[in-house]
Amino acid sequence: MSLARKEIWQVRLKSLASILLVLFAGLVLRVFQKSVIEHSKYSEIAQKQYRDERTIEAERGNIYFYDKADLTPATLNVQKYQILVVPKNTPEKSEIAKQLATILNLDEKEIFEKINNDKLYVPPIAKKVDKKLADQIEALKLKDVRIFPDYAREYPEKELASHILGFVNHEFSGNYGVEQYYEKILKGEPGLLVAEKDNKGRIIDFLNEDIKAKNGDSIVLTIEKNVQYKMEQILKEGMDFSDAENRE
């Protein structure tokens, strides 16, 4: 091989070595970036694949009328209950479906279809259940039937100042009036129930990482109940009188 050709091959080998060195350095840099710099990012993604987080609703704050020396509740959170079943640990599913359907006046077939699996969690069988019915279910001591507190919103003064108070929807969020305007204060902060999932996305265990819900704060209106009642009575009488005059 001539000296010129030998030098050409040496240049080519050096160029190839340089290219391979650059590629190798890039690969090392990429691995370093993924495993060290972005470790927390991918670790979080991996954890989310095997975690399941479910919301625990906070108890909504109440609204009160100002009544001089005392406070009169304009709203009340009435204690209700949710009924849940853990299918994974429930051997007598058909019998449980039958007994729950009888007490809750629900369709037995629908309950059975919901719990006829090996899941650790399924949505509640029933919500807003009265204490009397919840006590009947608890007395049966059914295996892995869970009873959790739930709430319903009531307005003890009925229609008094209803146009001011507003109301809550089926998600227990304020619609209209004070309920909506002070939503962030009244609603509170929900908690979390954290569970572990398998590679198929099924819940296999509940982790000891729960975040407790922070109940909402209550507020006191500057409205006096008795004064508001008198004003509404006078307004109603005036409207009734006006209607009677128009009919004559």
Any idea which residue in segment 92-124 is nearest to the chain's Cα centre (by Cα), counting only those that are among the acidic types (Asp, Glu) and part of a loop (DSSP other than H, G, I, E, B)? Asp118
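Please verify whether Lys132 is outside any helix (DSSP H, G or I), at pLDDT 85 or above, within 22 Å of Glu59 (Cβ to Cβ) and not aliphatic (A, V, I, L, M), treating the condition exactly as stated.
In short, no.
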When you scan segment 52-88, how many residues do you find that are in a loop (DSSP other than H, G, I, E, B) and not basic (Lys, Arg)? 9
Among the residues that make up segment 168-190, is at least one of them touching a Leu at 6+ places or on another chain (Cβ under 9 Å), farther than 23 Å from Pro124 by Cβ and loosely packed, with under 14 Cβ neighbours inside 10 Å? no
Can you say whether Lys197 is in contact with a Pro (Cβ under 8 Å, 6 or more places away or on another chain) and modelled with pLDDT under 80, as far as the supplied structure shows? no
When every residue in segment 40-67 that is touching a helix residue (DSSP H, G or I) at 6+ places or on another chain (Cβ under 7 Å) and modelled with pLDDT of 85 or more is compared, the one surrounded by the fewest Cβ atoms within 10 Å (Cβ to Cβ) is Gly61
Expected single match for under 30 Å from Glu224 (Cβ atoms), out of contact with any helix residue (DSSP H, G or I) (no Cβ under 7 Å at 6 or more places or on another chain) and not polar (S, T, N, Q) among Asp70, Asp130 is Asp70
Within segment 105-119, identify whether any single residue is touching an Asp or Glu at 6+ places or on another chain (Cβ under 7 Å) and crowded, with 17+ Cβ neighbours inside 10 Å, and answer yes or no. no
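The values are calculated or read from the model by the stated rules, or taken from the named source; none is laboratory data. Because the structure is a prediction, the values reported are computed rather than measured. Because the Cβ atoms are built from the backbone with ideal geometry, glycine has one as well, and the counts that use them run over all protein chains shown.
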